[in-house]
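Chemist: Quick one: this structure, given as structure tokens, is what I'll be asking you about.
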Amino acid sequence: MKPKIAILCSGGDVSGMNPALKRFVEYAYARGMEPYFVHHGFEGLIDNLITPAAYSDVAGIITRGGTKIGSSRSKRFMEPAFRSIAAENLKTHGITMLIVLGGDGSFRGMERFYTEHGISFCGIPSTIDNDINGTDYCLGVDTALGVIKEAIDQIRDTASSFRRAFIIETMGRNCGYLALISAITSGAELCLIPEIPIDIHEYTGCFKSQIAKGRDYFIAVVSEALNSTEVAHWFEEELGFESRVSVLGHIQRGGNPSVYDRLMAYKFVTYAIDALSEGKTHSVICYTKSHFTFKTIDEVALHPYRIDEELLSLGREQFLPSHCQM
Ligand code: ADP
């Protein structure tokens, strides 16, 4: 009998999940397995929304953001009784392996599931926040950065026409990765993230001098973990500069998957299927220092993610008030 393998998406969706589903179906068949979809994440596992996956299901989806099979957060999956129902559903279908696209919470849940019911799984880090410890890259980040870049480039056009300061708030939960990369690559004047604490008032003198010399707009990128409205007030009250806050919100999650996310989806899924079929039972496939490695759930979920030190020091060099060019 052919081994049966399923895939599900859990937590926030990211652009790159659909390319991952396509590779999953094609590579599972290529390896002589029977692929299945679990619809709507752990909720679908509990409610038996489990269907065989065909090539036709993934035709044409590589260009689409989001996930064709849906995702969810599931309170019920936190309870052992519902995890037992989920395990029974998988066993009824004869499915013994599961690939989970999600974050560290989802992997923690899967580890419990594996310990209780012996269903092997491999996690693929998928979140635009890029905040999972143990991996340099999470699926969806590159597309999100592209969306933010487009937004900031367009905001810059209007900012310069109207002599305004634009405060652009990016996602990232407690992690400043999206904001830092976006600020550096969009030529922002200011970047505020939790990892580089800054007293904004230390910028007042330098920015006043820049205004006196003719600067007619500012772009500030602020992580959602900090208070973008406060930054806007500071521009208005201390610099006399009209300001607007632009919260990018959920547009950051969507969009046509970038080339890099399509390639990473392809590689993550390939390594995950290989690992499961070779007997790896409960790991997360990580991308570190340009290599793919398998890590335990504790390695990815016990410690908070920290932005790479080299990147942080570049950020400090660029954005600490003491380095502001008058
Ligand atoms: P993420 O996977 O992005 O970190 P969450 O932390 O919201 O997202 O977790 C996603 C889902 O994983 C939760 O809705 C829940 O169903 C499951 N989960 C998280 N932590 C646990 C846990 N300790 N035990 C069982 N299930 C969990």
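Chemist: What is the sum of charges, Lys and Arg at +1 and Asp and Glu at -1, for the other residues whose Cβ falls under 14 Å from the Cβ of ASN18? Present the calculation step by step, with values, prior to reporting the outcome.
Modeler: Details: positive: LYS22, ARG23, ARG64, LYS68, ARG253, ARG262; negative: ASP13, GLU26, ASP57, ASP261.
Taking every other residue near ASN18 into account, the sum is +2.
Chemist: Given ILE168, VAL269, LEU239, which one lies farthest toward the positive end of the charge dipole of the chain, if we put +1 on the Cβ of every Lys and Arg and -1 on the Cβ of every Asp and Glu?
Modeler: Comparing the listed Cα positions along the dipole, VAL269 ranks first.
Chemist: Here's a follow-up. Pairing the Cα long axis of helix 17-30 with the longest principal axis of the chain, what angle in degrees results, from 0 to 90 and rounded to the nearest 10?
Modeler: 30 degrees
Chemist: Of PHE121, GLY140, THR96, which is farthest towards the positive pole of region 96-157's charge dipole, taken about the Cα centre with +1 and -1 on the beta-carbons of Lys, Arg and Asp, Glu respectively?
Modeler: THR96
Chemist: Using the eigenvalues of the Cα gyration tensor, what equivalent ellipsoid semi-axes result for region 1-128 when each is taken as the square root of five times the eigenvalue, whole Å, largest first? Don't skip to the end; give the middle numbers.
Modeler: On the way: eigenvalues 90, 62, 27 Å².
Taking √(5λ) for each eigenvalue gives 21, 18, 12 Å, largest first.
Chemist: Determine the alpha carbon to alpha carbon distance for each of LYS149/LYS289; LYS22/LYS149; LYS2/LYS289 and list only those over 30 Å. Let's see the in-between values first.
Modeler: Working: LYS149/LYS289 25 Å; LYS22/LYS149 27 Å; LYS2/LYS289 36 Å.
As for pairs spanning more than 30 Å Cα to Cα, those are LYS2/LYS289.
Chemist: Express as a percent, rounded to the nearest 5, the fraction of DSSP beta bridges in the chain (both residues included) that run antiparallel. Intermediate values should be presented prior to the final figure.
Modeler: Details: 9 of 43 bridges.
Once the DSSP bridges in the chain are tallied, antiparallel ones form about 20 percent.
Chemist: Count the net charge of all other residues whose Cβ sits under 12 Å from the Cβ of HIS303, scoring Lys and Arg as +1 and Asp and Glu as -1. Walk me through the numbers on the way to the answer.
Modeler: Values: positive: LYS295, ARG306; negative: ASP104, ASP131, ASP298, GLU299.
Once positives and negatives cancel, what remains is -2.
Chemist: Rounded to the nearest 10 degrees, what's the angle between the helix 309-319 long axis and the longest principal axis of the chain, both from Cα atoms, 0 to 90?
Modeler: The angle comes out at about 30 degrees.
Chemist: According to the Cα gyration tensor, what semi-axes, each the square root of 5 times an eigenvalue, does the equivalent ellipsoid of region 255-326 have, listed from largest to smallest in whole Å? Intermediate values should be presented prior to the final figure.
Modeler: Values: eigenvalues 237, 61, 16 Å².
Value: 34, 18, 9 Å, ordered largest first.
Chemist: Here's another thing I want to ask about it. What does the net charge come to around THR63 if you take all other residues with beta carbon closer than 11 Å to its beta carbon, with K and R at +1 and D and E at -1?
Modeler: Residues close to THR63 contribute a combined charge of +3.
Chemist: So, one more: Note the angle between two axes, namely the Cα long axis of helix 228-239 and the longest principal axis of the Cα atoms of the chain, as a number of degrees from 0 to 90, rounded to the nearest 10.
Modeler: So the inclination is approximately 10 degrees.
No lab work stands behind these numbers, since they all come straight from the coordinates. Everything numeric in this text was worked out from a predicted model, so none of it was measured. Positions of Cβ are generated from backbone atoms using ideal geometry, with glycine treated the same way; all protein chains shown enter the neighbour counts.
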